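Notes for the one structure printed next.
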Amino acid sequence: MPPWAAVLALLLAALTLLLLRPWKRAVGARTSVRDQEEQEVVSRGPTAQFSDRRETLPGGCSLICKSSALAQCLLRALRRSAALEPAPSSWLSGPHLQTFCHFILPVGPGPELAREYLQLADDGLVALDWVIGPCARGRRVTNTGGLPPVLLVIPNAWGRLTRNVLGLCLLALERGYYPVIFHRRGHHGCPLVSPRLQPFGDPSDLKEAVTYIRFRHPAAPLFAVSEGSGSALLLSYLGECGSSSYVTGAACISPVLRCREWFEAGLPWPYERGFLLHQKITLSRYASALEDTVDTSKLFRSTSLREFEETLFCHTKSFPISWDTYWDLNDPLRDVDEAAVPVLCICSADDPVCGPPDHTLPAELFQSNPYFFLLLSSHGGHCGFLRPEPLPAWSHEVILESFKALTEFFRMEERMKGLSRRRTSFLGGRRRWGGLQKREVSPSSNLEEIFSWKRSYTR
């Protein structure tokens, strides 16, 4: 570890001494009564809002979802998961420590990456980092009898590549996946060759990236994982593409679901200032290129994430729009009813960035939509879910185990559908050769409908 990293780690450790008291929101701070309600929500875990359709899991977790065949399959897999077993108390159990260790501590030695730049239809560039090594503990086969599945990883919306993202990629590589990290325009060393950045929930660039990935691996299953605020991009993509998304299964770690309210309420001041500073540093290198499209002086004087987002995407010089219109176009849940892919959202009741689940998670989405599953934990912070080294974050283990359960479920569905077709064809041939005068309807003729993909989620 370089000396500056060690000093930074020590400063952060000192800063955590201040984390014993709750922080007020930086923008639109809540009243003291509301703060007390939030603390009560965290202390007593999942609240009454999520008591309906809630299944208890090990480790103080709960699964909230609509009852279905797939839900039962996922529930069985989670109850068998060793990652959810209660762990001994650790100094990492605090929500702020979990979050700070995840976002700010130096990344350390990461995986070996092979970068590709993808030129988009408007001549912009996005980057794809393919994880090609190392894999020290031996590679396990996940998709027996087929090609290795591709795991598309979408980092947070600020473009910071965190420890947990790289840890997930290494674990996925070990389990037989082929991970690839998607970087937006101007993020993580991807050049900004045109004066256009990607709005918060605009999936147009991601669509082209997925098309390219499918071109490179046409027969491999595709899974997707997003982190934090990056989940808005993944959910927007799944909603806009529906059943044509090419994605077999998806997972969101600490997703921001009510994004507009999240921007307007503001974050606790260390996170608000930290995320804002990171965005300003990232875009400062492109200040001259952005002068023709946005008011850069106002942009870099922004004092909140909302002001920064509004200046960058709403108050443009060529095509200004209102804040309301911006969220009509970028709300990640605007087309959520069209999503046709199982999505597992892993959230924590003590998330200091998103806030308590009663106010930030739409319970009706998970209780009524058969494609969305909420794994709610009492502890874990924001995108943390850390365990003592060298164990990976338990959220990573759970995600890969759920993808394995999905693969087995879909394989069984296809097998039953094939059996139904063969039985129907066989009975049809018997009727023709036997010269039956009256057409008979066999009970097995309805098997294809019973075991079809969509039927399995809703029955």
Give LEU171, LEU151, LEU147 a once-over and let me know the one that is closer than 19 Å to GLY110 by Cβ and not in a helix (DSSP H, G or I). LEU151
For region 287-315, enumerate the residues that are over 28 Å from the mean Cα position of the chain (by Cα), in contact (Cβ under 8 Å) with a residue 12 or more places away in the chain and not in a helix (DSSP H, G or I). ASP292, THR293, VAL294, ASP295, PHE300, HIS315
Could you list all residues from region 194-234 that are in contact with a helix residue (DSSP H, G or I) (Cβ under 8 Å, 6 or more places away or on another chain) and more than 21 Å from LYS280 (Cα to Cα)? PRO203, LEU206, LYS207, VAL210, PRO221, LEU222, PHE223, ALA224, VAL225, SER226, LEU234
Could you list all residues from region 345-361 that are on the phi < 0 side of the Ramachandran plot, open to solvent by less than 20 Å² (accessible area, probe 1.4 Å), more than 16 Å from the chain's Cα centre (by Cα) and not acidic (Asp, Glu)? ALA349, PRO352, PRO356, PRO357
Could you grab me the full set of residues in region 229-273 that are touching a strand residue (DSSP E or B) at 6+ places or on another chain (Cβ under 9 Å) and among the aromatic types (Phe, Trp, Tyr)? TYR237, TYR246, TRP269
Testing ASP123 on (1) modelled with pLDDT of 85 or more; (2) surrounded by fewer than 12 Cβ atoms within 10 Å (Cβ to Cβ); (3) within 23 Å of the chain's Cα centre (by Cα), one condition comes back false. Which one is that? (3)
Do you know which residues across region 181-236 are small (Gly, Ala, Ser) and open to solvent by less than 10 Å² (accessible area, probe 1.4 Å)? GLY186, GLY201, ALA209, ALA220, ALA224, SER226, GLY228, SER229, GLY230, SER231, ALA232, SER236
Which residues, counting only those in region 101-118, are modelled with pLDDT under 85 and either at negative phi or within 21 Å of the chain's Cα centre (by Cα) (or both)? CYS101, HIS102, PHE103, ILE104, LEU105, PRO106, VAL107, PRO109, GLY110
Within the group ARG214, ARG196, which residue is in a loop (DSSP other than H, G, I, E, B) and either farther than 25 Å from GLY384 by Cβ or over 18 Å from the mean Cα position of the chain (by Cα) (or both)? ARG196
Filtering region 237-258 down to residues that are on the phi > 0 side of the Ramachandran plot and open to solvent by less than 30 Å² (accessible area, probe 1.4 Å) yields GLY242, SER254
For region 45-95, what are the residues that are modelled with pLDDT under 85, over 25 Å from ASP358 (Cα atoms) and buried (at least 16 other Cβ atoms within 10 Å of the Cβ)? none
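Condition check ((1) within 23 Å of LEU333 (Cα to Cα); (2) of a type in the set (D, E, K, R); (3) open to solvent by 10 Å² or more (accessible area, probe 1.4 Å); (4) more than 13 Å from the chain's Cα centre (by Cα)) across all residues:
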residue	(1), (2), (3), (4)
SER377	yes, no, no, yes
HIS382	yes, no, no, no
LEU386	no, no, yes, yes
TRP394	no, no, yes, yes
GLU397	no, yes, yes, yes
LYS404	no, yes, yes, yes
Quick one: SER322 ticks every box in (1) open to solvent by 10 Å² or more (accessible area, probe 1.4 Å); (2) in contact (Cβ under 8 Å) with a residue 40 or more places away in the chain except a single one, so which number is it? (2)
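The values are calculated or read from the model by the stated rules, or taken from the named source; none is laboratory data. Since the structure is predicted, the reported quantities are computational estimates derived from the model, not experimental observations. Glycine also receives a Cβ, built like all others from the backbone with ideal geometry; neighbour counts cover every protein chain displayed. Only protein heavy atoms, including side chains, enter the accessible area calculation; ligands, DNA and RNA are left aside. Shrake-Rupley method; radii C 1.70, N 1.55, O 1.52, S 1.80 Å.
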